[in-house]
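> Have a look at this one before I ask anything.
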Amino acid sequence: GESVGLHLPTLSVQEGDNSIINCAYSNSASDYFIWYKQESGKGPQFIIDIRSNMDKRQGQRVTVLLNKTVKHLSLQIAATQPGDSAVYFCAENIPGNQFYFGTGTSLTVIP
Amino acid sequence: GAVVSQHPSWVICKSGTSVKIECRSLDFQATTMFWYRQFPKQSLMLMATSNEGSKATYEQGVEKDKFLINHASLTLSTLTVTSAHPEDSSFYICSARNPGQGFGETQYFGPGTRLLVL
């Protein structure tokens, strides 16, 4: 299968700080990427997505950056809150294929 | 919106019995739904792609006779775990694409069904 990996399996940040979660993907043909948030015992929740013809996309308190040169994706969360504590997955879509999910990063926000 | 529901959310069954899990898209029609399996502290593993009106496409290593998928309508897909065994205990999650929202390829996930086989 394809390889979508995360650099850091766990991340702890102070409440109010910014969080950056990284993701490396291996297939240069991937044209669409999504970040999901999964809280314990729940299904993944869509956060933000980006197409390969973009290098940045912003949502509410979240920004996704895409660097196709080095096949790297990141999720930035501004002013991290305790409710942001969860596991974050990146997923890549290869045209005509399925989504492949990374291993996940567990984010813990320290009050 | 793009709401996906699953039922039941929790199921405990005896070894050898069959369990059916339903996945519904509540506010949109989904020609394609996906079934995933997730073990604790691990990522989602795609099991199969469910296509309305046709046979499901299973990923390599997934037994189609054990995990029966039926996509009966544009809003309902079911996964039946037949003759369940303790090793089938897992968190099963479905997702659906909403072609009418966002980039179209986006998958929206259900809340998951936790299966425990005794």
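The values are calculated or read from the model by the stated rules, or taken from the named source; none is laboratory data. Note that the structure is a prediction, hence the values are computed from the model and not measured. Methodologically, a virtual Cβ is constructed for each residue, glycine included, from the backbone with ideal geometry; neighbour enumeration extends over all protein chains shown. Quick note on the areas: whole protein, heavy atoms, side chains included, nothing else; ligands and nucleic acids left out. Shrake-Rupley method; radii C 1.70, N 1.55, O 1.52, S 1.80 Å.
> Return the residues of the stretch A:14-30 that are open to solvent by 20 Å² or more (accessible area, probe 1.4 Å) and either farther than 21 Å from B:Arg97 by Cβ or among the acidic types (Asp, Glu) (or both); say none if nothing qualifies.
If the condition is that a residue be open to solvent by 20 Å² or more (accessible area, probe 1.4 Å) and either farther than 21 Å from B:Arg97 by Cβ or among the acidic types (Asp, Glu) (or both), then A:Gln14, A:Glu15, A:Gly16, A:Asp17, A:Asn18, A:Ile20, A:Asn22, A:Ala24, A:Ser26, A:Ser28 are the ones that fit.
> Okay, moving on. Which one of B:Leu74, B:Leu46 is of a type in the set (A, V, I, L, M, F, W, C) and touching a strand residue (DSSP E or B) at 6+ places or on another chain (Cβ under 6 Å)?
Matching residue, one of B:Leu74, B:Leu46: B:Leu46.
> Now, a different point. Would a scan of the stretch A:31-38 turn up a residue that is under 27 Å from B:Thr113 (Cβ atoms), within 11 Å of chain B (Cβ to nearest Cβ) and open to solvent by 10 Å² or more (accessible area, probe 1.4 Å)?
Yes, the stretch A:31-38 contains a residue that is under 27 Å from B:Thr113 (Cβ atoms), within 11 Å of chain B (Cβ to nearest Cβ) and open to solvent by 10 Å² or more (accessible area, probe 1.4 Å).
> What pairs come up if the first residue lies in the stretch B:10-25 and is more than 21 Å from B:Leu76 (Cβ to Cβ), the second is open to solvent by 80 Å² or more (accessible area, probe 1.4 Å) and hydrophobic (A, V, I, L, M, F, W, C), and their beta carbons are under 6 Å apart, counting only those six or more places apart or on different chains?
B:Lys14/B:Leu118
> I need every pair where a residue in the stretch A:85-108 that is more than 8 Å from chain B (Cβ to nearest Cβ) and crowded, with 21+ Cβ neighbours inside 10 Å has its Cβ under 7 Å from the Cβ of a residue that is among the hydroxyl-bearing types (Ser, Thr, Tyr) and not in a strand (DSSP E or B), sequence separation at least 6 or different chains.
Pairs found: A:Glu92/A:Ser30; A:Leu107/A:Ser85.
> Which ones in the stretch A:47-84 are within 14 Å of chain B (Cβ to nearest Cβ) and either crowded, with 19+ Cβ neighbours inside 10 Å or in contact with a strand residue (DSSP E or B) (Cβ under 6 Å, 6 or more places away or on another chain) (or both)?
Once the filter is applied, which keeps residues that are within 14 Å of chain B (Cβ to nearest Cβ) and either crowded, with 19+ Cβ neighbours inside 10 Å or in contact with a strand residue (DSSP E or B) (Cβ under 6 Å, 6 or more places away or on another chain) (or both), the stretch A:47-84 yields A:Ile47, A:Ile48, A:Asp49, A:Ile50, A:Arg51, A:Arg57, A:Gly59, A:Val64, A:Leu66.
> Restrict the check to the stretch A:96-104 and report whether at least one residue is over 27 Å from B:Thr57 (Cβ atoms) and assigned to a strand (DSSP E or B).
No; the residues of the stretch A:96-104 include none that is over 27 Å from B:Thr57 (Cβ atoms) and assigned to a strand (DSSP E or B).
> Could you pull out the residue among A:Tyr36, A:Tyr88 that is within 29 Å of B:Met47 (Cβ to Cβ) and touching a Lys or Arg at 6+ places or on another chain (Cβ under 6 Å)?
Among A:Tyr36, A:Tyr88, only A:Tyr88 is within 29 Å of B:Met47 (Cβ to Cβ) and touching a Lys or Arg at 6+ places or on another chain (Cβ under 6 Å).
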